[in-house]
2 protein chains.
Amino acid sequence: MTLDKNWFTEMDEATGTALSLRLGEHVHGEQTPVQRIDIYRTETFGYLMTIDGCTMVTTRDNFLYHEMMAHPVLNAHPAPKRVAIVGGGDCGTLNEVLKHPEVESAVQIEIDERVTRLSEQYFPELCERNGDPRAELFFGDGLQWMRDVAPGSLDVVIVDSTDPVGPAEGLFGPRFYGDVLRALGPDGLLVHQSESPLLHQALIGAMHRAMREAGFAQTHLLHFPQPIYPSGWWSASMACKHARPIGERLDERAIAALDTRYYNAATHRAAFALPNYLRETLDVL
Amino acid sequence: MTLDKNWFTEMDEATGTALSLRLGEHVHGEQTPVQRIDIYRTETFGYLMTIDGCTMVTTRDNFLYHEMMAHPVLNAHPAPKRVAIVGGGDCGTLNEVLKHPEVESAVQIEIDERVTRLSEQYFPELCERNGDPRAELFFGDGLQWMRDVAPGSLDVVIVDSTDPVGPAEGLFGPRFYGDVLRALGPDGLLVHQSESPLLHQALIGAMHRAMREAGFAQTHLLHFPQPIYPSGWWSASMACKHARPIGERLDERAIAALDTRYYNAATHRAAFALPNYLRETLDVL
């Protein structure tokens, strides 16, 4: 079976897999100083944004990723007032973060302003809270921003980055995680998207080791469905400055008020359910 | 990006999605009286069996599906002695079922013997327990088998079918579910693979309604990752003859003895965690 030009295909050479979505039309394409961005209208997933040929976000299924990048870590922190999002230029994670009334400030540090401007145009539902007085959209280098930020000035850092190649590569190492640790207060939590639990076990293991090497006291893996990413199954890795058991701050009513489509108390716990075969990856034996 | 002939692609017209795996070579192909079967060697997923062009099973990721079709339902039944598997010709579900020492008999009713013979050749690890004295491999029509079986003679029925088109279509309706209900004892449980929670919500809703219409007292949705199926996220629907809360029979030690790669007490509960947007699909409001 071959796919004609009415399909967008992301071919992942390293894992020998490819995902295709039927188009629709190519509605926008540009080369920014950082990367190539394209927007397609798909037949069944709404709009699709790709960066350097990799699927980033679709209208239909982005709620899974954005909710699971934002709510578990904010629920696990006892008082998440000051939040920074590194990457996340489509503003979907920021939008979920700002649903929490406890959050007093949320800064999004995106290296490519064009990602945000195109998201405002094609994914306005993700940008609904960009005008919230608690939100700050900063465009620049997340590595440098994290080096410069005042020690202890953040409660939660969410790294909503692209894959560990190109501009995002430096975000996956112990030096950056060390800068995050310094920026966090004593209850501070870091969460970083960590690719597929089936296809990228080596990367996940390396990230957890780097987080602990940087000085984080414990790390945890979260996993959740994300159909447009390789394998359709995605993960985020959470690191805690403290060694205490991680709790759940939100009661049922507070969770219901988030008005989420995937996230609730049950899917929160489901995300932390570690499959047997990943215990070795994380040195949890 | 276009894929050349070194990729196998399953194009799902209805959902506008396609998944591809890099080959490898085509190692076997035949038209049986029932369907077209092909076997490929892939570069990163081991062997791949397809039926009528749809991915069925790969060496690398079948453990997710087979463990989640077998263990949650067997754990939820208080005494699962007599098990029937409708479909499941690759024997992977049967293999997991037979790991439970409480199971006294397990019959697999597969319509196409060639599926099983090719699985023995290319997926021998799934057929390791085919010689177990408790196992029976029956080749014939599951609809007829279920009409003929003695009332109350089964504890658990697992429907490990292909998609609801072609030979499997009749398995997705209230008449077949009524025959299953009659075949089950008073604590009886049915589980049936129910496609993607993202892409096939209408089907899932119809299956749950058909199960209740047939007389089952309650239904539940399980979900789990399955990378080679559309969206990479799959589900199974469980129906109970009784109205009591469903329990967990197995303790930690019994679960560890199953020697599973995905399944454990945590992922058991994770599978039942219902995302908000599916509550309406299941009329759980």
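Just so it is clear, none of the values below were taken in a lab; they were calculated from the coordinates. This structure is a prediction, so every number in the text was calculated from the model and none was measured. Glycine gets a Cβ as well: all are built from the backbone with ideal geometry, and neighbour counts include every protein chain shown.
Remarks
- Calculated label separations, B:Arg147, copies of the chain, 7 Å along the beta-carbon direction, nm: 7.6
- Most mobile listed residue (B:Thr58, B:Thr219, B:Thr17) in chain B, GNM with C-alpha springs under 10 Å: B:Thr17
- Diagonalising the gyration tensor over the Cα atoms of chain B and scaling each eigenvalue by 5 before taking the square root yields semi-axes of 28, 22, 19 Å, largest first.
- Under 5 Å, built H, 5+ apart or other chain: amide partners of A:Gln218: A:Cys240
- Coupling constants for region B:20-26 follow from the phi torsions by the Karplus curve (6.51 cos²θ - 1.76 cosθ + 1.60, θ = phi - 60°), and in residue order they are 10, 10, 7, 9, x, 9, 7 Hz; glycine and proline get x.
- C-alpha long axis of helix A:113-122 to longest principal axis of chain A, angle in °: 60
- Pseudo-label separations to other copies for B:Arg279 - Cα-to-Cβ vector, 7 Å, nm: 3.5
- Helix-derived mean residue ellipticity, 222 nm - over the protein assembly as shown, DSSP H n ≥ 4, -39500 (n - 2.57), to 500: -7500 deg cm²/dmol
- If you plug the beta carbon distance of B:Thr32 and B:Glu136 into 1/(1 + (r/R0)^6) with R0 = 30 Å, you get a FRET efficiency near 0.90.
- Each other copy places its own label point for A:Glu120 at 6.7 nm from this one, sorted shortest first, where the point lies 7 Å along the Cα-to-beta carbon line.
- Phi-based couplings in Hz for region A:49-64 (Karplus 6.51, -1.76, 1.60; Gly and Pro marked x): 9, 10, 10, 6, x, 9, 5, 10, 7, 10, 4, 6, 10, 5, 4, 4
- Interchain or long-range residues, amide H under 5 Å from B:Glu43's placed H: B:Arg22, B:Leu23, B:Gly24
- With respect to chain B, whose longest principal axis is taken over its alpha-carbon atoms, helix B:201-213 is tilted by about 30°.
- For the protein assembly as shown, the tally of Lys pairs with Cα-Cα distances below 19 Å comes to 5, considering only residues 8 or more apart or on different chains.
- Using θ = phi - 60° in the Karplus curve 6.51 cos²θ - 1.76 cosθ + 1.60, the 3J(HN,Hα) couplings for region B:162-174 round to 6, 5, x, 9, x, x, 8, 4, x, 6, 9, x, x Hz; x is entered for Gly and Pro.
- Chain A, closest residue to the rotation axis toward B, by beta-carbon, whole angstrom: A:Gly232, 1
- Euclidean distance of C-alpha centroids, region B:1-43 and region A:40-59, integer Å: 24
- Cα gyration tensor category, rounded, prolate or oblate, for region B:7-58 with a/c compared to 1.5: oblate
- A cut-off of 5 Å between modelled amide H atoms, ignoring neighbours fewer than 5 places along the same chain, links A:Leu282 with no other residue.
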